[in-house]
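Written below as structure tokens is the structure these notes are about.
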């Protein structure tokens, strides 16, 4: 076997249980799950690919009426739907559509919050965008609304695992109910199971 024989590695497919409404799962390339049979141990980055299949929200806090929780994920890190800081990694988030006839068609509207306080920037877009999140800068929430067709989010961390990224959640963040309901509408039934249980 040649010295580059391990450079093509199967990506880990993480499917949430219970499923997240609006997201099909996540493909992961990196050292996040070292017990998997096939992974590239020398990768300098962690990459996630998220197919978005409907209105969706990330790092948005808990809706009113839900007990705020800390989840322990299957890779061992603790988290939840809160804005985050990557204390030891930069992060690049790419939003791309799936319309082969119009590559500028993202397929939905995105509202992305970057920074906090007087430095907070809120980006609105419905065309493909790349957002660079510097090390130590809070990011989130992200709201995806006006969904028309599937899109994909690509995430690249400049470390090989979330442990190495040293991710810190803003546990004090309170969800914006008006924004959350803009994403989910008036029917909370799809979210009740997801928010009530510890995702795996």
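The values are calculated or read from the model by the stated rules, or taken from the named source; none is laboratory data. A quick note: this is a predicted structure, and the numbers were derived from the prediction, not measured. FYI the Cβ positions are ideal-geometry reconstructions off the backbone, even for glycines, and counts take in every protein chain you see.
Consider segment 41-69 and keep the residues that are assigned to a loop (DSSP other than H, G, I, E, B) and under 21 Å from residue 88 (Cα atoms). The one that is modelled with the lowest pLDDT is 41.
Within segment 110-128, being on the phi < 0 side of the Ramachandran plot, more than 16 Å from the chain's Cα centre (by Cα) and not in a loop (DSSP other than H, G, I, E, B) holds for 118, 119, 121, 122, 123, 124, 125. Taking (1) at pLDDT 95 or above; (2) under 27 Å from residue 70 (Cα atoms); (3) surrounded by 14 or more Cβ atoms within 10 Å (Cβ to Cβ) in turn, residue 132 satisfies each apart from (3).
Of all the listed residues (177, 169, 198), the sole one being in contact with a strand residue (DSSP E or B) (Cβ under 7 Å, 6 or more places away or on another chain) and modelled with pLDDT under 90 is 198. Within segment 70-96, the set of residues being at pLDDT below 95, closer than 21 Å to residue 47 by Cβ and part of a strand (DSSP E or B) comprises just one member, 79.
Looking at segment 97-105, is at least one residue surrounded by fewer than 17 Cβ atoms within 10 Å (Cβ to Cβ), assigned to a helix (DSSP H, G or I) and free of Cβ contacts under 8 Å to residues at least 12 places away in the same chain? Among the residues of segment 97-105, not one is surrounded by fewer than 17 Cβ atoms within 10 Å (Cβ to Cβ), assigned to a helix (DSSP H, G or I) and free of Cβ contacts under 8 Å to residues at least 12 places away in the same chain, which makes the answer no.
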